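See structure below.
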Amino acid sequence: MRRCVVLVCLAIITGASSSQHNGGENPNTIEEDIFKILQDDEDYEEMKEVEEEAEESPCDSIHCPAGKECVEEEGEGACVCVRDCPEEYDTRRHVCSNHNQTFQSDCSLYQARCWCEEGEGRCGQERIRHAHIEYYGECRQIQECSEDDMADFPRRMREWMFNVMKELAERDEISPHYKQLEKEAESDQSRRWSNAAVWQWCDLDKHPRDNAISRHELFLLKAPLHSLEHCLAPFLDTCDGDTDHMVTLEVGTRPTCIQG
């Protein structure tokens, strides 16, 4: 900006010199114009500094978990329970919790959980402290998973994973590495299920990539399928033998979990 002002001033001075030779504009007027430009430039710089300071927020570098939002308190950012969740009237956007309780949205569920975690009076039921989303949509009666259904579930799971992997490879929506695994599975039936399981595992284990799948990461697999596959939830529960809400790589590679 300073460079532009100097160039403008030089242009005015040059023009003024020419005008004086031609009996043109009064030099005092030209000098006033120059000072006005300089003043405008200073005002602009001050305004820019104020705007830049306003844009910086202590919340910019803070990541809050689900159900919380960052607010500025005494110049510092802090995560607090979400104050307002938007009204959601589309039942397809409602969510069903692991306690078979329908919430208007994922925001509403996580907000209620936050109230309980923080010990607020708005906590309706203490069990909501451990609530999470089971699936999207209003809660419904899910068919009981019989012993025979559970025994056949790993086969259905493997077949589903391979078909999804194959479709994504055809649509060029997975990386070259996993496309190669899909090609290997196509030509070698013995690798059909293991390669699909490796792809699915790595696709879920992202945030963070730590050779373990959390309940939150499993949600991406579980939520869309829960109401369609009645044995999915109990099957995945068997993968978490120590009930720490994590499926480790060692457990995930057992014949009865994921790879089957």
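Only one of these conditions is not met by residue 179: (1) at pLDDT 90 or above; (2) within 16 Å of residue 228 (Cα to Cα); (3) open to solvent by less than 70 Å² (accessible area, probe 1.4 Å); (4) not hydrophobic (A, V, I, L, M, F, W, C). Which number is it?
Among (1) at pLDDT 90 or above; (2) within 16 Å of residue 228 (Cα to Cα); (3) open to solvent by less than 70 Å² (accessible area, probe 1.4 Å); (4) not hydrophobic (A, V, I, L, M, F, W, C), the lone unmet condition for residue 179 is (2).
Find the helices (runs of 4 or more DSSP H) located wholly in the stretch 142-254 whose residues include 3 or more that are closer than 25 Å to residue 106 by Cα, and list them.
192-204, 215-225, 232-238
Can you report the number of residues in the stretch 218-231 which are surrounded by 16 or more Cβ atoms within 10 Å (Cβ to Cβ) and farther than 15 Å from residue 197 by Cβ?
Count: 8.
Scan the stretch 83-97 for residues that are touching a helix residue (DSSP H, G or I) at 6+ places or on another chain (Cβ under 8 Å) and open to solvent by 20 Å² or more (accessible area, probe 1.4 Å) and jot them down. Quick ask: steps written out before the conclusion?
Restricting attention to the stretch 83-97, the residues satisfying the condition of being touching a helix residue (DSSP H, G or I) at 6+ places or on another chain (Cβ under 8 Å) are 85-86, 88, 95, 97.
Once the filter is applied, which keeps residues that are touching a helix residue (DSSP H, G or I) at 6+ places or on another chain (Cβ under 8 Å) and open to solvent by 20 Å² or more (accessible area, probe 1.4 Å), the stretch 83-97 yields 85, 86, 88.
Go through the stretch 100-141 and give me each residue that's free of Cβ contacts under 8 Å to residues at least 40 places away in the same chain, open to solvent by less than 50 Å² (accessible area, probe 1.4 Å) and either farther than 13 Å from residue 81 by Cβ or assigned to a loop (DSSP other than H, G, I, E, B) (or both).
Matches in the stretch 100-141: 103, 105, 123, 131.
Specify which of the listed residues (192, 215) is in contact (Cβ under 8 Å) with a residue 12 or more places away in the chain, surrounded by 17 or more Cβ atoms within 10 Å (Cβ to Cβ) and not aliphatic (A, V, I, L, M). Before you say what the answer is, go through the steps one by one.
Values: 215 fails: surrounded by 17 or more Cβ atoms within 10 Å (Cβ to Cβ).
Result of the check over 192, 215: 192.
For residue 142, which of the numbered conditions (1) touching a His at 6+ places or on another chain (Cβ under 8 Å); (2) modelled with pLDDT of 90 or more fails to hold?
If we test residue 142 against (1) touching a His at 6+ places or on another chain (Cβ under 8 Å); (2) modelled with pLDDT of 90 or more, just (2) comes out false.
When you scan the stretch 212-229, how many residues do you find that are closer than 18 Å to residue 99 by Cβ and out of contact with any helix residue (DSSP H, G or I) (no Cβ under 7 Å at 6 or more places or on another chain)? Show your work before the answer.
At the first step, the residues of the stretch 212-229 found to be closer than 18 Å to residue 99 by Cβ are 215-216, 218-219, 222-223, 226-227.
Cutting the leftovers down to out of contact with any helix residue (DSSP H, G or I) (no Cβ under 7 Å at 6 or more places or on another chain) gives us 215-216, 219, 223, 227.
Counting residues in the stretch 212-229 that are closer than 18 Å to residue 99 by Cβ and out of contact with any helix residue (DSSP H, G or I) (no Cβ under 7 Å at 6 or more places or on another chain) gives 5.
Residue 149 is checked against (1) over 14 Å from residue 233 (Cβ atoms); (2) over 24 Å from the mean Cα position of the chain (by Cα) and fails just one. What number does that condition carry?
With (1) over 14 Å from residue 233 (Cβ atoms); (2) over 24 Å from the mean Cα position of the chain (by Cα) applied to residue 149, the lone miss is (1).
Determine whether the stretch 165-178 contains at least one residue that is in contact (Cβ under 8 Å) with a residue 60 or more places away in the chain and either out of contact with any strand residue (DSSP E or B) (no Cβ under 9 Å at 6 or more places or on another chain) or closer than 24 Å to residue 234 by Cβ (or both).
The answer is no, given that none of the residues of the stretch 165-178 is in contact (Cβ under 8 Å) with a residue 60 or more places away in the chain and either out of contact with any strand residue (DSSP E or B) (no Cβ under 9 Å at 6 or more places or on another chain) or closer than 24 Å to residue 234 by Cβ (or both).
What number goes with the only condition from (1) over 19 Å from the mean Cα position of the chain (by Cα); (2) over 30 Å from residue 94 (Cβ atoms) that residue 125 does not pass?
(2)
The values are calculated or read from the model by the stated rules, or taken from the named source; none is laboratory data. On a predicted model such as this, the values are computed, not experimentally measured, just so you know. Don't worry about glycine lacking a Cβ; one is built from the backbone with ideal geometry, like all the others, and counts go over all protein chains shown. Calculation scope for accessible area: heavy atoms of the full protein, side chains included, ligands and nucleic acids excluded. Shrake-Rupley method; radii C 1.70, N 1.55, O 1.52, S 1.80 Å.
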